[in-house]
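**Q** Before anything else, here's the structure in question.
Bear in mind that the values in this text are calculations on the coordinates, not laboratory data. Note that the coordinates shown come from a computational prediction; the quantities given were computed from them, not determined experimentally. Cβ: placed from backbone, ideal geometry, glycine included. Neighbour counts: every protein chain shown.
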Amino acid sequence: MEQLYNFINGEYIPPSLNQYIDVFEPAIGKVYAQVADSNSDDVENAFRFAENAFSGWSELTVKERADILNRIADGIESRLDEFAYYESKDTGKPITQARTVDIPRAIANLRFFSEYVYSFDFESNLTDDISKNKVVRSPLGVVGCISPWNLPLYLFSWKIAPALIAGNTVLAKPSELTPYTAYKLGEICQDSGLPSGVLNIIHGQGSIAGDAMISHPKIKAVSFTGGTATGKLIAEKTASSFKKLSLEMGGKNPAIIFSDCNYDKMLEIVIRSSFSNQGQVCLCSSRILIEKSIYDKFKKDFISRVSGLIVGDPNDEETQFGAISSQAHYNKILDYIILGKQEGGEILLGGNAVKINGRCKDGYFIEPTIFQGLKNSCQTNQDEIFGPVVTLIPFDTEEDGIRIANNIKYGLSATIWTEDMVKAQRVAKGVDAGVIWVNCWLVRDLRTPFGGMKKSGLGREGGDEALRFFTEPKNICTLI
Ligand code: NAD
């Protein structure tokens with residue numbers, strides 16, 4: 001069985017205790033690799049190399065760093081099909097999605113920061129009548145990046161790209177559930193001339209390897225994406241060390257659908273925003289709020305269209321809906337479906353595990369599931385299920401829609417559907433979410449701030465926000 005080693009100081013090395021964690025292919029429910037179960041010794045080892053590499057890397061010109069990141073992007077692109085295959089195998093997502101969304105976006109992340117960095121003010125001057133102020137932004141040193149399993153290389157690269165381009169050296173930990181593409185990235189880094197020690201990829205459990213990273217006294221910042229409970233733990237554990245923290249966490253996002261929307265376009269995109277990646281995108285719509293006058297029509301059309309989604313082997317080109325990414329998560333989603341019924345919800349579609357014949361007979365598949373009749377205040381509507389389960393909730397007025405949308409601890413994203421642009425702006429202003437899409441979903445200009453409010457996030461990623469996070473400003477004041 002293939003063993004996935006850490007990538008430290010430009011080389012693949014086994015974990016210090018030579019212990020491993022099973023890696024499953026969720027579509028078939030079987031182990032296909034073993035990944036390093038690293039501990040604090042491995043983190044310390046990686047840290048020492050990253051610390052040594054810092055001065056060389058941070059003293060390169062921005063162009064020299066950008067050229068290397070672009071070569072990494074080119075390297076992934078030249079192996080796009082292979083990377084897409086492994087991303088799909090590791091996560092259970094349809095191969096078409098890995099090929100057209102996940103891996104292209106990982107490439108785009110690296111290219112974006114390699115280009116955008118030229119517009120970032122690493123040095124700026126402010127002068128008044130008596131003083132000249134030079135503001136210099138310097139890299140922090142060694143930083144930690146921790147990413148989840150739902151969009152593995154997509155989110156891993158979204159963190160390491162700004163960290164590296166700003167001149168930091170990095171310890172990065174992908175999810176232990178989906179480590180394969182981050183593991184393979186080491187080969188691309190070797191081929192791209194990334195100096196040894198600049199990017200170190202540590203695999204392992206969050207509570208051991210992740211904990212060693214966040215607890216390391218000399219790691220200056222932690223950029224984390226994952227669940228809110230983990231983010232809270234990281235915030236608590238790092239509080240006394242005053243590390244810089246960026247936390248991208250869970251969501252329970254509303255789609256607010258008004259009767260004056262472009263109905264056909266809305267229907268098509270709300271299906272995607274609800275069930276992409278089997279509902280395992282932090283930005284997925286899971287509470288579908290519908291103006292009462294079109295509730296029955298929407299319900300009928302939504303059920304009919306969702307029931308046509310092709311659930312199947314992620315390897316098949318026509319599959320639109322693949323496997324749930326792990327058995328534990330599959331069980332959790334099925335438990336939430338039971339809870340939804342106990343809370344009085346009516347299942348309009350789905351609600352069951354799916355048995356697929358052949359290769360995928362033991363895979364973790366769940367039908368796209370639609371509930372109605374659940375109060376917004378119930379647990380099914382308040383907890384992040386992070387799976388293919390949505391609830392339909394009717395609303396009367398604009399104020400009513402905004403109130404239901406906001407009546408939740410999360411505030412990551414929202415979609416608003418109306419052709420009245422004045423109303424759209426008004427509703428967008430009223431909804432507590434860091435990312436709001438009007439008549440669209442998942443459209444991303446990577447320069448814009450990305451992240452959530454309330455229990456969904458602390459800080460923002462993207463463009464200047466990320467480059468500010470990964471640098472420390474110093475003001476040098478002289479008298480005129
Ligand atoms: P998770 O919190 O379990 O794990 C995320 C990462 O943190 C993994 O690499 C894990 O090993 C690590 N980790 C776990 N415990 C740790 C600890 N004590 N110390 C340090 N690291 C630790 O999340 P997950 O289940 O992998 O991902 C799903 C969650 O991620 C969902 O809640 C989803 O909404 C969220 N998410 C948010 C965004 C966003 O941009 N806001 C994007 C994608 C996913």
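**Q** Find, among the trypsin sites (Lys or Arg not before Pro) in segment 311-418, those assigned to loop by DSSP (not H, G, I, E, B) with at most 16 other beta-carbon atoms within 10 angstrom.
**A** Values: sites: Lys332, Lys341, Lys355, Arg359, Lys361, Lys375, Arg403, Lys409; in loops: Lys355, Lys361, Lys375, Lys409.
Those satisfying the criteria are Lys355, Lys361, Lys375, Lys409.
**Q** Rounded to the nearest 500, what is the chain's calculated 222 nm mean residue ellipticity when only DSSP H runs of at least 4 contribute -39500 (n - 2.57) each, over all residues?
**A** Details: 15 runs with 177 residues, N = 480.
So the helix-based figure for the chain works out to -11500 deg cm²/dmol.
**Q** I'd like to compare 445-458, 83-96: which one has the highest average count of other Cβ atoms within 10 Å, and what's the full order after that?
**A** Numbers: 445-458: 18.9, 83-96: 25.2.
For the peptides 445-458, 83-96, the packing ranking is 83-96, 445-458.
**Q** With θ set to phi - 60°, apply the Karplus curve 6.51 cos²θ - 1.76 cosθ + 1.60 along segment 330-338 and write out the HN-Hα couplings as whole Hz, x wherever there is a Gly or Pro.
**A** For segment 330-338, the Karplus-derived couplings read 4, 4, 5, 5, 4, 4, 5, 5, 4 Hz, x marking Gly and Pro.
**Q** Put a dot 7 Å past each Cα toward the Cβ at Met1 and Glu82; how far apart are the dots in nm?
**A** 2.3 nm
**Q** Here is a follow-up. Tell me, what is the FRET efficiency for Ile476 and Asn52 to the nearest 0.05, using R0 = 25 angstrom and their Cβ-Cβ distance as r?
**A** Details: r = 28 Å, r/R0 = 1.12.
That pair, Ile476 with Asn52, gives E of 0.35.
**Q** Could you give the dipole magnitude of the chain about its Cα centre, charging the beta-carbon of Lys and Arg +1 and that of Asp and Glu -1, in debye to the nearest 20?
**A** Details: 50 positive and 59 negative charges, 177 e Å.
Around 840 debye, computed over the chain.
**Q** Net charge around Leu17, counting only other residues with Cβ within less than 10 Å of its Cβ (Lys, Arg = +1; Asp, Glu = -1)?
**A** Numbers: positive: none; negative: Asp37, Asp41, Asp42.
Every neighbour counted, the sum reads -3.
**Q** Go ahead and collect, in residue order, the members of segment 244-261 whose backbone nitrogen is under 17 Å from a label point 7 Å along the Cα-Cβ direction of Lys423.
**A** Inside the label zone: 255-261.
**Q** Provide the gained length on full extension for the span Leu17 to Glu346, in nm with one decimal, where the gain is 0.36 nm per separating residue minus the Cα-Cα distance.
**A** This chain segment gains 113.4 nm when fully extended.
**Q** Is the C-alpha gyration tensor of the chain telling us rounded, prolate or oblate? Criteria: a/c under 1.5 is rounded; beyond that, a/b larger than b/c is prolate, otherwise oblate. Don't skip to the end; give the middle numbers.
**A** On the way: a/c = 1.98, a/b = 1.32, b/c = 1.50.
The shape class here is oblate.
**Q** Show the residues, 5+ positions off or on another chain, whose built amide H is closer than 5 Å to the amide H of Gly363.
**A** Ile356
**Q** Please determine, in degrees from 0 to 90 and to the nearest 10, the orientation of helix 228-238 with respect to the longest principal axis defined by the Cα atoms of the chain, where the helix direction is its Cα long axis.
**A** Once rounded, the angle reads 30 degrees.
**Q** Further question on the same structure: Can you pull out the trypsin sites (Lys or Arg not before Pro) in segment 213-320 whose DSSP state is coil and whose Cβ has at most 14 other Cβ atoms within 10 Å? Don't jump to the answer; show the numbers that get you there.
**A** Details: sites: Lys218, Lys220, Lys232, Lys237, Lys243, Lys244, Lys252, Lys265, Arg272, Arg287, Lys292, Lys297, Lys299, Lys300, Arg305; in loops: Lys218, Lys220, Lys243, Lys252.
Sites meeting the loop and neighbour criteria: Lys218.
**Q** Could I ask something else about it? Distance between Cα centroids, segment 262-285 to segment 409-424: provide it in whole Å.
**A** 14 Å
**Q** Would you work out which of Met249, Gln382, Ser326 lies farthest towards the positive end of the dipole of the chain, given +1 charges on the beta-carbon of Lys and Arg and -1 on that of Asp and Glu, about the Cα centre?
**A** My answer, from the dipole projection, is Gln382.
**Q** List, in the order given, every pair from Lys93/Lys243; Lys292/Lys375; Lys159/Lys237; Lys252/Lys361; Lys89/Lys300 whose Cα-Cα distance in the structure shown is over 26 Å. Walk me through the numbers on the way to the answer.
**A** On the way: Lys93/Lys243 35 Å; Lys292/Lys375 15 Å; Lys159/Lys237 21 Å; Lys252/Lys361 31 Å; Lys89/Lys300 34 Å.
With Cα atoms farther than 26 Å apart: Lys93/Lys243; Lys252/Lys361; Lys89/Lys300.
**Q** Per 0.36 nm of contour for each residue apart, how much would the distance between Glu44 and Val135 grow if the chain were fully extended, relative to their Cα-Cα spacing? Please report the intermediate quantities before stating the final value.
**A** On the way: separation 91, 0.36 × 91 = 32.76 nm, distance 3.28 nm.
Taking Glu44 through Val135 to full extension adds about 29.5 nm, to one decimal.
**Q** Which of the peptides 388-397, 195-204 is most tightly packed, and how do the rest follow, going by the mean number of other Cβ atoms within 10 Å of each residue? Walk me through the intermediate numbers first.
**A** Values: 388-397: 21.3, 195-204: 24.4.
Highest-to-lowest ranking by the protection proxy: 195-204, 388-397.
**Q** Just to check I understand the Karplus step: with θ = phi - 60° and J = 6.51 cos²θ - 1.76 cosθ + 1.60, what whole-Hz values come out for segment 198-208, glycine and proline as x?
**A** 6, 10, 10, 10, 10, 9, x, 6, x, 6, 10
**Q** Could you list which residues have their amide H under 5 Å from that of Ser286, counting only those 5 or more apart in sequence or on another chain, with H placed in the peptide plane?
**A** Close amide H contacts, sequence-distant or interchain: Asn253, Ala255.
**Q** Can you list the residues, at least 5 places off or on another chain, whose amide H is less than 5 Å from the amide H of Ala33, using H built in the peptide plane?
**A** Long-range HN contacts for Ala33: Val23.
**Q** Provide the net charge surrounding Val101, with neighbours chosen by a C-beta distance below 12 Å and charges set as Lys +1, Arg +1, Asp -1, Glu -1.
**A** Local net charge: +3.
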